[in-house]
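The values are calculated or read from the model by the stated rules, or taken from the named source; none is laboratory data. The model shown is predicted, which means the values in this text are computed figures rather than measured ones. All Cβ positions, glycine included, derive from the backbone under ideal geometry; neighbour counts span all protein chains shown. Ligands, DNA and RNA are excluded from the accessible area calculation, which covers all protein heavy atoms including side chains. Shrake-Rupley method; radii C 1.70, N 1.55, O 1.52, S 1.80 Å.
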Amino acid sequence: MKRTIIAAALLATGVLTAAPSYALTRGDLIGEPGVSGNLTRTIHVTPNARAINVYYSETVNLDVNGQTTTWKFDGVKPVVNLQDIVPGAPSINVYVEPSDRFAPDSGGS
């Protein structure tokens, strides 16, 4: 009985130790800052903009009120709010369309 309790305690400790490593980060969800050498285009966000469309794994410059941010859209969320990327930006949805066009091993057809 004592061995069973010790084994269960060790198993629980291992599970609790490994659990945080599987949590999704902000970058996993919405993407991450990109490298300007890999960008494909610049999107100028105007006050009349209602939505932005990008491809999965695409790196773009987002020009919002003269502030330019380079972003790589490689997160798991298909819709990202622009405010989550650029603080002070208008609340505009960025729709991330599935594509392997910009994937590192796709050849970029």
Loop-only check: which trypsin sites (Lys or Arg not before Pro) in region 23-109 are DSSP coil with at most 13 other Cβ within 10 angstrom?
ARG50
Amide H neighbours of GLU32 under 5 Å, counting only residues 5+ apart in sequence or on other chains, H built in-plane at 1.01 Å?
LYS72, ASP74
Residue-level accessible surface for LEU39, protein heavy atoms, 1.4 Å, Å²
50
Just subtract the alpha-carbon distance of GLU97 and ASN53 from 0.36 nm times their residue separation and send over the number in nm, one decimal.
15.1 nm
Quick one: how many Å² of VAL35 are accessible to a 1.4 Å probe, rounded to 10?
100
